[in-house]
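Asks: My questions all concern the structure below.
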Amino acid sequence: MKTNPKDFAHPFAPILKAVEANMQVLIYLRQYELMYAFARLQEFYENPVLATKHFTRQELQDISPDYYVKWNGCNVPWDVVMNFRETFADLDQHEEALLSFVTPGLYLVGIHFESGSEAGETLRHERAHAAFHADCGYRMRLEAEAVRPRNRKPLKAAYGALERMGYAKGVLLDEYQAYAV
């Protein structure tokens, strides 16, 4: 399914915004709206092929045709949001709307209401990402545990599963701990 941002009369924008200690949560009504608005920003952060590169929506869909209906939440560190703004001069109306709601300096999370009771579980997962980035001590303890000999084999298996899900190497420990939470 090819999409064109000009096909939509109004930009997809969050219907609610919540700010917590270390993060901001943008809440969309529908999954498609969330994922369409966040798509390039999210994959600029986590995608093993596209991370840190400029790419089009079509290039993303060529890699993952079901992308806009595949995930229930998004998470991006603040520094990635800033790098995204610098890298993508061709922001569409949906990306502009998303970025207009962003609070500088806070970890960015997106969820949607359409997931119903799963929204709480998704938010718990995304909070774990925010904690990983905000709490240096927590992150350092996880990194120390990851290199212990007894943990290498189970982590290697978990990392393999995460890579098959489409995560870049640079986010594997963060994803592992978020799924564990």
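Asks: Checking residue 91 against (1) under 16 Å from residue 39 (Cα atoms); (2) modelled with pLDDT under 95, only one condition comes out false. Which one?
Replies: (2)
Asks: So which residues in the range 160-178 are open to solvent by less than 70 Å² (accessible area, probe 1.4 Å) and either of a type in the set (Phe, Trp, Tyr) or over 30 Å from residue 65 (Cβ atoms) (or both)?
Replies: Scanning the range 160-178 gives a single hit, 167.
Asks: Follow-up question, since we're still on this one. I'd like the residue in the range 1-27 that is polar (S, T, N, Q), assigned to a loop (DSSP other than H, G, I, E, B) and surrounded by 14 or more Cβ atoms within 10 Å (Cβ to Cβ) and, out of all such residues, is modelled with the lowest pLDDT.
Replies: From the range 1-27, those polar (S, T, N, Q) are 3-4, 22, 24; that's our starting set.
Right, trim to assigned to a loop (DSSP other than H, G, I, E, B) and you get 3-4, 22.
Remaining after also requiring surrounded by 14 or more Cβ atoms within 10 Å (Cβ to Cβ): 3, 22.
Working: 3: 53, 22: 91.
Applying the filter and picking the extreme gives 3.
Condition check ((1) of a type outside the set (Gly, Ala, Ser); (2) within 17 Å of the chain's Cα centre (by Cα)) across all residues:
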position	(1), (2)
118	yes, yes
126	yes, yes
130	no, yes
145	yes, no
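Asks: Considering each residue of the range 28-39, count those that are of a type in the set (D, E, K, R) and open to solvent by less than 60 Å² (accessible area, probe 1.4 Å), and give that number. Reasoning before the result, please.
Replies: Filtering the range 28-39 down to residues of a type in the set (D, E, K, R) leaves 30, 33.
Going one step further and asking which of them are open to solvent by less than 60 Å² (accessible area, probe 1.4 Å), we end up with 33.
Qualifying residue count for the region: 1.
Asks: Could you give every pair whose Cβ atoms fall below 6 Å, whose first residue belongs to the range 167-181 and is in a helix (DSSP H, G or I), and whose second residue is open to solvent by 10 Å² or more (accessible area, probe 1.4 Å) and among the acidic types (Asp, Glu), counting only separations of at least 6 or pairs across chains?
Replies: Final answer for the pair search is 171/46.
Asks: Then there is this: Given the conditions (1) of a type in the set (Lys, Arg); (2) over 12 Å from the mean Cα position of the chain (by Cα); (3) closer than 29 Å to residue 180 by Cβ, report the number of the one that residue 85 does not fulfil.
Replies: For residue 85, the failing item is (3).
Asks: On the given criteria, is residue 181 within 22 Å of residue 24 (Cα to Cα), open to solvent by less than 20 Å² (accessible area, probe 1.4 Å) and not aromatic (Phe, Trp, Tyr)? I'd like the intermediate steps shown before the answer.
Replies: Details: within 22 Å of residue 24 (Cα to Cα): yes; open to solvent by less than 20 Å² (accessible area, probe 1.4 Å): no; not aromatic (Phe, Trp, Tyr): yes.
No, not satisfied.
Residue-by-condition table, conditions (1) free of Cβ contacts under 8 Å to residues at least 60 places away in the same chain; (2) not charged (D, E, K, R):
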position: 25; (1), (2): no, yes
position: 59; (1), (2): yes, no
position: 71; (1), (2): yes, yes
position: 82; (1), (2): yes, yes
position: 86; (1), (2): yes, no
position: 94; (1), (2): no, yes
position: 99; (1), (2): yes, yes
position: 113; (1), (2): no, yes
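Asks: Exactly one condition in (1) part of a loop (DSSP other than H, G, I, E, B); (2) crowded, with 19+ Cβ neighbours inside 10 Å is false for residue 42; which is it?
Replies: (1)
The values are calculated or read from the model by the stated rules, or taken from the named source; none is laboratory data. Because the structure is a prediction, the values reported are computed rather than measured. Using ideal geometry, Cβ is built from the backbone for each residue, glycine included, and neighbour counts are taken over all protein chains shown. Only protein heavy atoms, including side chains, enter the accessible area calculation; ligands, DNA and RNA are left aside. Shrake-Rupley method; radii C 1.70, N 1.55, O 1.52, S 1.80 Å.
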